[in-house]
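Below is one structure; the comments refer to it alone.
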Amino acid sequence: MEDPYRDFVDLKYSPSKDDLVCLFRVEPAKGISIKEAIGRVASESSNGTWAELTTLKEHIRRIRARAFSIKGNMVKVAYPLPLFELGSIPQLMSSVAGNIFGMKALKNLRLEDIEFPEKYVRSFKGPQFGIDGVFGKIFKMKERRPLLAHVPKPKVGMTTEEHANVAKNAWLGGVDLLKDDENLTSQSFNTFDRRMRLMFKYRDYAEKVTGEKKSYLANITAETNEMIRRARLVKELGGEYVMVDILTAGWAALQTVREECEDLGLAIHAHRAFHAAFTRNPKHGMSMLVVAKLARLIGVDQIHIGTVVGKLEASRREVEDLDTEITEKSVKEMGDVLKQEWYNIKPVVPVSSGGLHPGLVPYVVKLLGKEIVIQAGGGIDGHPKGVYAGAKAMRQAIEASIEGIDLEEYAKSHKELNEALQYWGYLKPV
Ligand code: CAP
Ligand code: MG
């Protein structure tokens, strides 16, 4: 029997402008050569299988994927566009991030990046608002500064009244965006509909008192039809955003929500809970970069990309690469990142969150700039003087950072910041 995989490796092939290119990190199983391994990757992720097929015809063979570059254990595979259904992330994932991860011939396999050709990019709408929409249209900011978001803690368990009270104090103290936690949806002690009604009442009150725009990232995550119902309620009550746990809800659901949000004129905040289950192992799984690119294609307006210094694992390189990928129009190939043109697709607002408190704010602002969301849960509700003071301290830390004033110096005339620094200092939580 001939090797049915040999046809899927062609080191002389050079991708056409319509090919989609994947970058894989490949570790073959014992006794398997790198060429045998990558032949299997290209075959199983496109149109091959373990057997020589009597059904294979030339027109089918022509659209097979080809592994065309091997550099150490980094391999590039080119996929002709007809392999894919335009505008469908589930179909893409079933191809290039599907069966291949379980093949016996591979010890480890990691999908590091995907370069999308123009036709594929243009089959998606991308963000409706993006950076300019969020800062310009929703917040009407002339001078841009990081938006401050807060997620009331404890994550779940507070009654609707308790939750909304935390929200009110946070908004009054200087928070711009109140965010539900990823696992707070509609539990018996705090149902979605009741929470929405109270939260928007307090949101309107906080806007009146502070004279500032305030908004709410309402977590609509649920079964898809229910998400749509919840999005409509948010709109009816005067909201500007919905929040979706994009990975636990799933790509198809996110695409549906994106369509609905077009009609409703709502922005989407993307929480990435679950990503580390497959992004964290540096040898196996799929990178967060790919998740972020898919989210940008579909059209989320904000997405979590990490902090480097906070409680969750993320290297500086990774967070910087994510930042570039979601905010630039054109990305150059470098390291484990492929080149990418974004054409009609708007940039997404990076969200930095997870273990942040005032002492860490200058680092995040220096790393990611002004057009970001800085999110703190424990870093506000854990302030020794309470939620209102906690929100003030975070806002003061943002002000100091954009004005380039040292926190210690700013704290001399800002008591809440001073209290936070006395309490947490520059702690990097683990
Ligand atoms: C932050 C957070 C977010 C994480 C998610 C939490 O709370 O609300 O879910 O930031 O991680 O529950 O941990 P704290 P990432 O401010 O209290 O840490 O942003 O990396 O996706
Ligand atoms: Mg959370």
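Here are some notes:
- Of the residues making up the range 146-201, those that are farther than 30 Å from LEU368 by Cβ, in contact with a Gly (Cβ under 9 Å, 6 or more places away or on another chain) and of a type outside the set (S, T, N, Q) are PHE189, MET196.
- For the range 153-161, the criterion of being more than 12 Å from ligand 2 (Cβ to nearest atom) and in contact with a helix residue (DSSP H, G or I) (Cβ under 6 Å, 6 or more places away or on another chain) is satisfied by at least one residue.
- Single match in PHE129, PHE135, PHE101, PHE139 (criterion: closer than 30 Å to ASP10 by Cβ, surrounded by 17 or more Cβ atoms within 10 Å (Cβ to Cβ) and more than 16 Å from ligand 1 (Cβ to nearest atom)): PHE101
- Scanning the range 209-256 for residues that are in a helix (DSSP H, G or I), open to solvent by less than 10 Å² (accessible area, probe 1.4 Å) and in contact with a Lys or Arg (Cβ under 8 Å, 6 or more places away or on another chain) gives a single hit, ILE246.
- Any hit, the range 196-203, residues being touching a strand residue (DSSP E or B) at 6+ places or on another chain (Cβ under 6 Å) and more than 16 Å from ligand 1 (Cβ to nearest atom): yes
- Screening GLY355 against (1) open to solvent by 10 Å² or more (accessible area, probe 1.4 Å); (2) more than 16 Å from ligand 2 (Cβ to nearest atom) leaves a single unmet condition, (2).
- Residue match in the range 364-382 (condition: at positive phi, away from ligand 2 (no atom under 16 Å from the Cβ), modelled with pLDDT of 95 or more and more than 26 Å from the chain's Cα centre (by Cα)): no
- Any hit, the range 383-390, residues being within 30 Å of LEU23 (Cβ to Cβ) and hydroxyl-bearing (Ser, Thr, Tyr): no
- Test result for ASP406, within 16 Å of ligand 2 (Cβ to nearest atom) and more than 23 Å from the chain's Cα centre (by Cα): no
- VAL175 vs. criteria within 16 Å of ligand 1 (Cβ to nearest atom), outside any strand (DSSP E or B) and open to solvent by 20 Å² or more (accessible area, probe 1.4 Å): no
- Taken over the range 136-186, the criterion of being of a type in the set (Lys, Arg) and within 23 Å of ARG272 (Cβ to Cβ) is satisfied by LYS153, LYS155, LYS179.
- Of the residues in the range 271-278, none is more than 16 Å from ligand 1 (Cβ to nearest atom), free of Cβ contacts under 8 Å to residues at least 12 places away in the same chain, open to solvent by 10 Å² or more (accessible area, probe 1.4 Å) and outside the structural domain of LEU109 (by TED's automatic domain parsing).
Conditions (1) more than 16 Å from ligand 2 (Cβ to nearest atom); (2) more than 27 Å from ALA393 (Cα to Cα), marked per residue:
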{"site": "ASP176", "(1), (2)": "yes, no"}
{"site": "GLU182", "(1), (2)": "no, no"}
{"site": "THR185", "(1), (2)": "no, yes"}
{"site": "PHE189", "(1), (2)": "yes, yes"}
{"site": "ARG194", "(1), (2)": "yes, yes"}
{"site": "PHE200", "(1), (2)": "yes, no"}
{"site": "VAL209", "(1), (2)": "yes, no"}
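- Within the range 322-351, the residues that satisfy the criterion of being within 16 Å of GLU118 (Cβ to Cβ), open to solvent by less than 40 Å² (accessible area, probe 1.4 Å) and either in a loop (DSSP other than H, G, I, E, B) or of a type in the set (A, V, I, L, M) (or both) are VAL331, LEU338, TRP342, ILE345.
- Of all residues in the range 281-291, those satisfying the criterion of being away from ligand 1 (no atom under 11 Å from the Cβ) and not in a loop (DSSP other than H, G, I, E, B) are GLY285, MET286, LEU289, VAL290.
The values are calculated or read from the model by the stated rules, or taken from the named source; none is laboratory data. The shown structure was predicted, so the numbers you read here are calculated from the model rather than taken from an experiment. Cβ sites come from the backbone with ideal geometry, for glycine too, and all protein chains shown count toward neighbours. Ligands, DNA and RNA are excluded from the accessible area calculation, which covers all protein heavy atoms including side chains. Shrake-Rupley method; radii C 1.70, N 1.55, O 1.52, S 1.80 Å.
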